[in-house]
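No value in this document is a laboratory result; all are computed from the given coordinates. Nothing here was measured: the structure is a model prediction, and the numbers come from that model. When we count neighbours, we look across all protein chains shown, and the Cβ atoms used for this are built from the backbone with ideal geometry, even at glycine.
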Amino acid sequence: MRREAEKSTKAARRAQDPASPLTPHPSLAKHGKAMLAALAKLGIHREFDFVLHLPLRYDDETHLWPIGEAPHGEIVLVEGTIVDNVIKYRPKRQLVCTVEDASGVLVMRFLNFYPSQVKQLAPGERVRLFGEIRQGFFGAEMVHPKYRVVREDMPVADTLTPVYPTTAGLSQANLQRMVHEALAASDLSDTLPPGLLAPFKLPAFRECVSFLHHPPPAAERAALQNRSHRAWRRIKFDELLAQQLSMRIHYDRRKSVSAPPLPPRGQLTHTLLARLPFQLTRAQHHAIAEIRTDLALPHPMQRLLQGDVGSGKTIVAALAALQAIENGFQVAIMAPTEILGEQHFNKFSGWLTALGVSVVWLAGHLARKQKRETLAQVAAGDAQIAIGTHALFQDEVEFHNLGLAIVDEQHRFGVHQRLALRRKGTRSGSAAQPHQLMLSATPIPRTLAMTYYADLDVSVIAEMPPGRTPVATRLVSDARRDEVIKRVRDACVEGSQAYWVCPLIEDSEALQLQTALDTYQRLLATFPELRIGLVHGRLPAAEKAAVMQAFQNGEIQLLVATTVIEVGVDVPNATLMVVENAERMGLAQLHQLRGRVGRGAARSTCILLYQNPLSQLARERLKIIFETTDGFEIARHDLRLRGPGELLGARQSGVPMLRFADLDTDLDLLEAARNAAQRILPLHPAIAERHLQRWLGGKQHYLRV
């Protein structure tokens, strides 16, 4: 019965999702399942998506060269008659065809070919070839050219030939045909009024898509390739406007949804603040004030609290949790890893248990009896704060009255996971939603916040707590490993603790990276006088927690770890970190790892071990991480190097990703689209809906949660 119910639920979800490849749009009904699957991989789920499937580049097949006059070393179009067709076996098996016209002779060679090609390229056939002519073993030749059998009087193309992004099972010719048919059948009229476009001097939509799919031979190639042409700017503007509209609609709709008002009461909050052994920074006070105001409103807060590594987001989250508890509601805190979840549990328990607040830990590895008891506490409302990982949004978890959901490192969770936690609701049978506070230690550049977080309120902790000393970063070649080993021994003997971070836990022939397991064994032999621990993602949860606790208690001097310790681990006595194969890691990851040291007042160092030779990208990353400790500046560079999808984890976010606009070069268009969205929505809702339908095809309702 349960399986049948799950199948029914999944089927219902597929039916509601207009982008599901299993529920194709009626306009694609003529295609078979295999073709639909291939199209879905390209993001094509309806006929109009072909219109927005724009070329990667263009081939110039508008000029036909005589074979004898065609320049070598360039990609050209030639035509002639096949006079010879033979399969040769030396130096390797290949199909060799001799083609001639009145001006000369050319050989085309295929190292991989089908029997059907041998028949198709028979002597006497007239063929048109597109490729690069080189001087080869058989004379002037083209290797694997694009070709087709033609009539003698067949005209050449009068526009550049588009080359589209494609996938296995979908030939370029088929895709070109489908796009051509969609252009002829689709409504290409403008969704936007001329008055809106006039200030930006942007051309009409029909003109732009027609030009980009079939540009004339005289079109400026550089502007097409770097997407700075006026036609490209119109497409980018429309895309950015659709995203800004969808985010703005979501933001406005939230104001109409009910949530329990949680006004500041103050008693528990004042008690906690009085007991803290440190003073909050001005930035923390400002963030708390914004959160307090939001929680008091009768509609759900959706606020992103972002701050650099070690800026003090956790205590701000604890104060937000107290405001919900003072109003009689429960709080859920969801972390992406058990190590981070345990860290939160320990911190919240240490701060709040003395105030009479009940804090429980809910994770997948709990013993059955303990888990059953914890679930009962949560369901009855006896547990005021439930902290856990993905286990929190499982069906078996029921809250008595959830008023606030706090999601740490929110970009690591998929949209369904965050939505499932929010749907836990507040009271049985109530339509109200809990407030939501999202934390991120990956600072978001302004352009990214404007684009992907336009539906959220954002608080920023832009200063570090007093007493924190900047972490010194050192770049060291693997050839100087002995010096690093001495540095680690000296630090541990003097009473400090250290991390040794490796990117993998088992051998990889492809990457040939140092592994945590091998490193652990080698360091045991190298440092017989030190207490060394090992932690990685595949350790049983209980064993992982025990190792981390021993490290926090000072029982372990050197911790060998994978990047599982990237977020949340707080050991003030750890003053040294060594990162193996740092050239293989991204900027954000390196910055997060570096943030695990420098948590106390002692001077700390992060040593990035790298192996030569370095690629240009790796060299640039290491230079950036060496020169700056500012998380926002690092995030800006990370956006430039990796793009928004990877930086945000947005493949899982539910937010429609930008396909055409570039946040590094199109800031003016982003500003314009943002302003236009604010003007259009209140005055022209029908225009907004039509524009969203064109660009998102119904997916505008499937947004960040």
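Side notes on the structure shown:
- For K30, a cut-off of 14 angstrom between C-alpha atoms picks up these aspartates and glutamates, skipping any fewer than 8 places away in its own chain: E47, E181.
- Between the C-alpha center of the stretch 619-639 and that of the stretch 558-615 there is a gap of 14 Å.
- Multiplying the residue separation of N112 and D84 by 0.36 nm and subtracting their alpha-carbon distance yields 8.3 nm.
- Peptides ranked, highest mean first, by Cβ atoms within 10 Å: ranges 166-173, 295-302, 261-268: 295-302, 261-268, 166-173
- Protection-proxy order for peptides 231-243, 203-215, 109-121, each taking the mean of Cβ atoms within 10 Å per residue, highest first: 231-243, 203-215, 109-121
- Charge dipole (debye, nearest 20) of the chain; +1 at Cβ of Lys and Arg, -1 at Cβ of Asp and Glu: 1400
- Most positive-pole-ward Cα, P528, H691, I406, against dipole of the chain from beta carbon charges: I406
- To the nearest ten degrees, helix 481-493 and the longest principal axis of the Cα atoms of the chain are 20 degrees apart.
- In nm, spacing of pseudo-spin labels at R659 and E555 (7 Å Cα→C-beta vector): 5.6
- Panel values: the stretch 53-177, Kirkwood radius from alpha carbon pairs, Stokes-Einstein at 20 °C and 1.002 mPa s, translational diffusion coefficient 139 µm²/s.
- Calculated FRET efficiency for the pair K623/H31, C-beta based, R₀ 51 Å, to 0.05: 0.55
- Sites K369 and N612, calculated FRET efficiency, Cβ-Cβ separation with R0 41 Å, nearest 0.05: 0.15
- Formal net charge of residues neighbouring S103 (Cβ-Cβ distance under 12 Å; K, R +1; D, E -1): -4
- Placing a pseudo-label 7 Å from each Cα along the Cα-to-Cβ vector at V105 and R206 gives an inter-label distance of 5.3 nm.
- Gyration tensor over alpha-carbon atoms, the stretch 105-225, equivalent ellipsoid semi-axes in Å: 38, 17, 14
- The amide H of L576, built 1.01 Å from its N in the peptide plane, has Q497, Y499, T605 as neighbours under 5 Å, considering only residues 5 or more places off or on other chains.
- Most to least packed among 145-153, 337-345 [average Cβ atoms within 10 Å]: 337-345, 145-153
- Only Cα sites of the chain enter the Debye sum here, all with the same form factor; the resulting log10 I(q)/I(0) across q = 0.05, 0.07, 0.09, 0.11 1/Å is -0.34, -0.64, -0.97, -1.23, listed in q order.
- Helix axis angle, 667-683 relative to the chain longest principal axis, alpha carbon, degrees: 80
- Nearest 10 degrees, 0 to 90: helix 338-352 Cα axis against the chain principal axis: 30
- Spatially proximal lysines relative to K92 (Cα-Cα < 24 Å; intrachain offsets below 8 disregarded): K119, K146
- Comparing L305, A363, G341 along the charge dipole axis of the chain, the residue lying farthest to the positive side is A363, per the Cβ-charge model.
- Extended-chain gain in nm, criterion 0.36 nm per residue less alpha-carbon gap, Y251 and A198: 16.3 nm
- Applying a threshold of 31 Å to the alpha-carbon distances of K41/K313; K369/K544; K255/K424; K201/K255 flags K41/K313; K201/K255 as lying beyond it.
- Size descriptors for the stretch 298-396: radius of gyration and Dmax over Cα atoms are 13.6, 39 Å.
- Viscosity 0.890 mPa s, 25 °C: Kirkwood-radius Stokes-Einstein D of the stretch 566-642 over Cα pairs, µm²/s: 190
- Formal net charge of residues neighbouring C208 (Cβ-Cβ distance under 14 Å; K, R +1; D, E -1): +4
- Per-residue [θ]222 nm for the chain (sum of -39500 (n - 2.57) over DSSP H runs n ≥ 4, rounded to 500): -11500 deg cm²/dmol
- Length gained on full extension, H72 to A542: 162.5 nm, using 0.36 nm per residue less the C-alpha separation.
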